[in-house]
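K.L.:
Quick one: the structure is below, and I'll ask about it shortly.
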Amino acid sequence: MEKLLDLISRQVSEAFAAAGYDPAYGRVTVSNRPDLCEYQCNGCLSAAKVYHCAPMVIAQAVAEKLDRGNFDLVEAVKPGFLNLNISGAFLQSYLEAMRTAPDFGVEKTGLGKTVVVDYGGPNVAKPLHIGHLRSAIIGESMKRLYSFFGYHAIGDVHLGDWGLQMGLIIAGLREKEPDLPYFDPDFTGDYPAEAPFTLSELEEIYPAASARKKVDPEFGERAHQATFELQQGRRGYRALWRYIMNVSLADIRRIYDQLDVHFESWLGESDADPFIPAMLERLKASGCAVESEGALVFPVAEPGDKKEMPPCILVKSDGAVLYDTTELATMVQRMQDFAPDKILYLADKRQSLHFEQVFRAARKSGIVKPETELEFLGFGTMNGPDGKPFKTRDGGVMRLERLIADIMAFVGKKVEENRIVAPEDAPATTKIIAMAALKYGDLSNQPTKDYVFDMDRFAAFEGNTGPYLLYTTVRVKSILSKFGAWEDLPIRAPASPAQKDLMRVLARFCPALEGALSASCPSVLCAYLYDLAGAVNHFYHETRILDQEDKGLQAGSIALIGLAKRVLEQGMDLLGFTAPEKM
Ligand code: ARG
């Protein structure tokens, strides 16, 4: 559907043309003086310079050509502005078209296109920590937005499962239990199905090994060697790797499920491994990759660089492959499997150099076809109240699971104290509200900015919060269910200023979605939904709805809040949460 602002601009442009002026001057914007008018056109001022006449002359001529059926107010004001209010009938027919169109008439710009959204990025065998929260939440929302616009959107979790942490665990386990068959190079029998460790044991081995490496270089050496041998395919190590994967992945999946974050593809760095040898051969043959001090590197610096641009390191002198290597090989795999039009990567913004390097390498080598867009969406840090990265009380890294549990407990208490729902419904309602609080608290910030995690504020039922959107939606749902069948009622012309305001906000839904998508910024959608909730609540306070005797007026109100409910629900779904039945 054409955007309302474009539709109005088109009419004003046609009026310019009808009055004998260039239609290009007809661009209309939302008024910056809402007390005077809804929309304005400033084109007469620029046109006057070209046509050598007073701007007012043009403004008046254009005003005369505008169709009064579509405008309640058409006013030429000094020195040559056009002030406009659209008519109720115009707004009514626009919203009725939006109400009856599939997906609110959004333009499906992604049809036939594929986008891979690389998000989540958990590291196997390390517990998910809050650094992974933003990736999961923002990535999920971006993926849902892409789908909504018609893209074939593939969310890929891109597990960190091929790096040194695996070697550290293997080396750590060997210290503890050197006699396990996995460490015996001559062992040829079958390995047991059961892992030789539990999840909690695994979660102890990794930090211990990682700490040990810092003080014991010889141990570090063994971990590097184990990483290399794992990558080379040493049988016992591959077996251990599979155990680590199974144990750890079950836990990772469980936490993403809690967050209602879902991936179409569960591939990891290790899945890129089969693509590495051929890729390296190609890069060497084309001269992209060169030997440097025993390592294989891919220089990506360019003459105009303002900052240092180190080469991608593909193979270390000890033979192991690295993050850059698996990154590029993953691109090879994605191009082969999906030939995507775009790959969107989410990671901490401190990884921006890595992505700059590999994007350059991908272009230079032709691993990614020129038409495929590569975008890195680097997000800022979630900080604690002290403005420093969020920590546990004793200063440790906050586990994601712990953070989720904390916010659930906090919301749970509120639900219980305020007797929001019957006791048996409390756990489900708590989960829904907690997710809205957590996700909106994050998404309402620009991804690139740091923000402060503030449970009190995020979980408040009033203000710019997720629960406020839920509360508004629940209120509307309750009116609708008291009214009865509302789904087929057509939109009517506004009967009050509050109703017209709500209608104009509703008409901005699709432009807000486009803005969020094109800027990779779900906060644009958050800001829109907050405006919408405000307009809905204002309308509700100003209007008699259920006890309205005039059935025509009532039907108009109901149809409008019915559309508002659908838009709120759709918008929240694109952010990754839903509203409860009661609240
Ligand atoms: N596993 C990485 C980390 O924890 C994030 C992965 C991001 N995605 C990527 N394709 N590099 O930092």
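The values are calculated or read from the model by the stated rules, or taken from the named source; none is laboratory data. What you see is a predicted model, and the numbers here were worked out from it, not measured in a lab. Quick reminder, even Gly has a Cβ in these numbers, built from the backbone with ideal geometry, and neighbours come from all protein chains shown.
K.L.:
So which of Lys78, Lys126 ends up being buried (at least 18 other Cβ atoms within 10 Å of the Cβ), charged (D, E, K, R) and touching a helix residue (DSSP H, G or I) at 6+ places or on another chain (Cβ under 9 Å)?
P.N.:
Among Lys78, Lys126, only Lys126 is buried (at least 18 other Cβ atoms within 10 Å of the Cβ), charged (D, E, K, R) and touching a helix residue (DSSP H, G or I) at 6+ places or on another chain (Cβ under 9 Å).
K.L.:
Just for region 331-348: of the residues that are among the charged types (D, E, K, R) and under 15 Å from Glu373 (Cβ atoms), which one is nearest to the ligand (Cβ to nearest atom)?
P.N.:
In this case the residue turns out to be Arg334.
K.L.:
Which residue pairs have Cβ atoms under 9 Å apart, sit 6 or more places apart or on different chains, and have a first residue in region 261-274 that is closer than 16 Å to Trp162 by Cβ and of a type in the set (Lys, Arg) and a second that is within 15 Å of the ligand (Cβ to nearest atom) and outside any loop (DSSP other than H, G, I, E, B)?
P.N.:
From residues that are closer than 16 Å to Trp162 by Cβ and of a type in the set (Lys, Arg), there are no pairs.
K.L.:
Oh, and also: Please determine whether any residue of region 57-77 is in contact with a Lys or Arg (Cβ under 9 Å, 6 or more places away or on another chain), more than 16 Å from the ligand (Cβ to nearest atom) and part of a strand (DSSP E or B).
P.N.:
Yes, some residue in region 57-77 is in contact with a Lys or Arg (Cβ under 9 Å, 6 or more places away or on another chain), more than 16 Å from the ligand (Cβ to nearest atom) and part of a strand (DSSP E or B).
K.L.:
Criterion first (modelled with pLDDT of 95 or more, crowded, with 24+ Cβ neighbours inside 10 Å and in contact with a Pro (Cβ under 7 Å, 6 or more places away or on another chain)) does Leu575 satisfy it?
P.N.:
Judged against the criteria, Leu575 is a match.
K.L.:
Here are some residues: Ala97, Ala136. Which one is touching a residue at least 24 places away in the same chain (Cβ under 8 Å) and closer than 30 Å to Met245 by Cβ?
P.N.:
So the residue among Ala97, Ala136 that is touching a residue at least 24 places away in the same chain (Cβ under 8 Å) and closer than 30 Å to Met245 by Cβ is Ala136.
K.L.:
Okay, next question. State yes or no: is Lys176 crowded, with 21+ Cβ neighbours inside 10 Å, out of contact with any Pro (no Cβ under 9 Å at 6 or more places or on another chain) and among the basic types (Lys, Arg)?
P.N.:
When the stated conditions are applied, Lys176 does not pass them.
K.L.:
If the Cβ limit is 7 Å and pairs must be 6+ apart or interchain, which residue in region 195-209 that is under 14 Å from Leu249 (Cβ atoms) pairs with which residue that is in a helix (DSSP H, G or I)?
P.N.:
Ala195/Tyr243; Ala195/Asn246; Ala195/Val247; Leu199/Val247; Leu199/Asp251; Leu202/Ile244; Leu202/Val247; Leu202/Ser248
K.L.:
Condition check: on the phi > 0 side of the Ramachandran plot and out of contact with any helix residue (DSSP H, G or I) (no Cβ under 7 Å at 6 or more places or on another chain). Does Gly150 satisfy that?
P.N.:
For Gly150, the condition - on the phi > 0 side of the Ramachandran plot and out of contact with any helix residue (DSSP H, G or I) (no Cβ under 7 Å at 6 or more places or on another chain) - is met.
K.L.:
Looking only at helices (runs of 4 or more DSSP H) that lie completely in region 87-187, which have at least 2 residues being under 21 Å from Tyr206 (Cα atoms) and more than 24 Å from the chain's Cα centre (by Cα)?
P.N.:
164-176
K.L.:
Also: May I ask you to list the residues in region 230-260 that are touching a residue at least 60 places away in the same chain (Cβ under 8 Å), surrounded by fewer than 19 Cβ atoms within 10 Å (Cβ to Cβ) and either over 31 Å from the mean Cα position of the chain (by Cα) or not in a helix (DSSP H, G or I) (or both)?
P.N.:
Gln232, Asp260
K.L.:
Let me ask another. What pairs can you find where one residue is in region 105-133 and touching a residue at least 60 places away in the same chain (Cβ under 8 Å), the other is of a type in the set (Ser, Thr, Tyr) and near the ligand (Cβ under 9 Å from one of its atoms), and their Cβ atoms are less than 7 Å apart, with a gap of 6+ or different chains?
P.N.:
Asp118/Tyr345; Tyr119/Ser135; Gly120/Ser135; Gly121/Ser135
K.L.:
If we scan region 370-386, do we find a residue that is part of a loop (DSSP other than H, G, I, E, B), under 23 Å from Asn123 (Cα atoms) and within 16 Å of the ligand (Cβ to nearest atom)?
P.N.:
Checked region 370-386: at least one residue is part of a loop (DSSP other than H, G, I, E, B), under 23 Å from Asn123 (Cα atoms) and within 16 Å of the ligand (Cβ to nearest atom).
K.L.:
With the structure loaded, tell me whether Ser93 is away from the ligand (no atom under 16 Å from the Cβ), within 13 Å of Leu344 (Cβ to Cβ) and out of contact with any strand residue (DSSP E or B) (no Cβ under 7 Å at 6 or more places or on another chain) or whether it fails that test.
P.N.:
Answer is no for this residue.
K.L.:
Which of the residues belonging to region 364-377 are surrounded by 12 or more Cβ atoms within 10 Å (Cβ to Cβ), within 23 Å of Gly110 (Cβ to Cβ) and not acidic (Asp, Glu)?
P.N.:
Val368, Lys369, Thr372, Leu374, Phe376, Leu377 - these are the residues of region 364-377 that are surrounded by 12 or more Cβ atoms within 10 Å (Cβ to Cβ), within 23 Å of Gly110 (Cβ to Cβ) and not acidic (Asp, Glu).
K.L.:
All but one of (1) outside any helix (DSSP H, G or I); (2) more than 30 Å from Leu574 (Cβ to Cβ) hold for Thr325; state the number of the condition that does not hold.
P.N.:
Every listed condition holds for Thr325 apart from (1).
K.L.:
Further question: Quick one: in region 315-330, which of the residues that are touching a Phe, Trp or Tyr at 6+ places or on another chain (Cβ under 7 Å) and away from the ligand (no atom under 15 Å from the Cβ) is farthest from Glu269 (Cα to Cα)?
P.N.:
It comes out as Asp318.
K.L.:
Report yes if Gly294 is touching a residue at least 60 places away in the same chain (Cβ under 8 Å), surrounded by fewer than 20 Cβ atoms within 10 Å (Cβ to Cβ) and over 24 Å from the mean Cα position of the chain (by Cα), otherwise no.
P.N.:
Answer is no for this residue.
K.L.:
Among the numbered conditions (1) without any contact (Cβ under 8 Å) to a residue 60 or more places away in the chain; (2) within 16 Å of the ligand (Cβ to nearest atom), tell me where Leu159 comes up short.
P.N.:
Unmet for Leu159, out of (1) without any contact (Cβ under 8 Å) to a residue 60 or more places away in the chain; (2) within 16 Å of the ligand (Cβ to nearest atom): (1).
K.L.:
Run down Gly167, Gly189, Gly220 and say which single residue is surrounded by 19 or more Cβ atoms within 10 Å (Cβ to Cβ), out of contact with any Gly (no Cβ under 8 Å at 6 or more places or on another chain) and farther than 20 Å from Thr326 by Cα.
P.N.:
Gly220
K.L.:
Separate question: Note down all Cβ pairs under 9 Å where the first residue falls in region 346-366 and is under 18 Å from Val115 (Cα atoms), the second is away from the ligand (no atom under 13 Å from the Cβ) and assigned to a helix (DSSP H, G or I), and they're at least six residues apart or on different chains.
P.N.:
Cβ pairs passing all conditions: Leu346/Met142.
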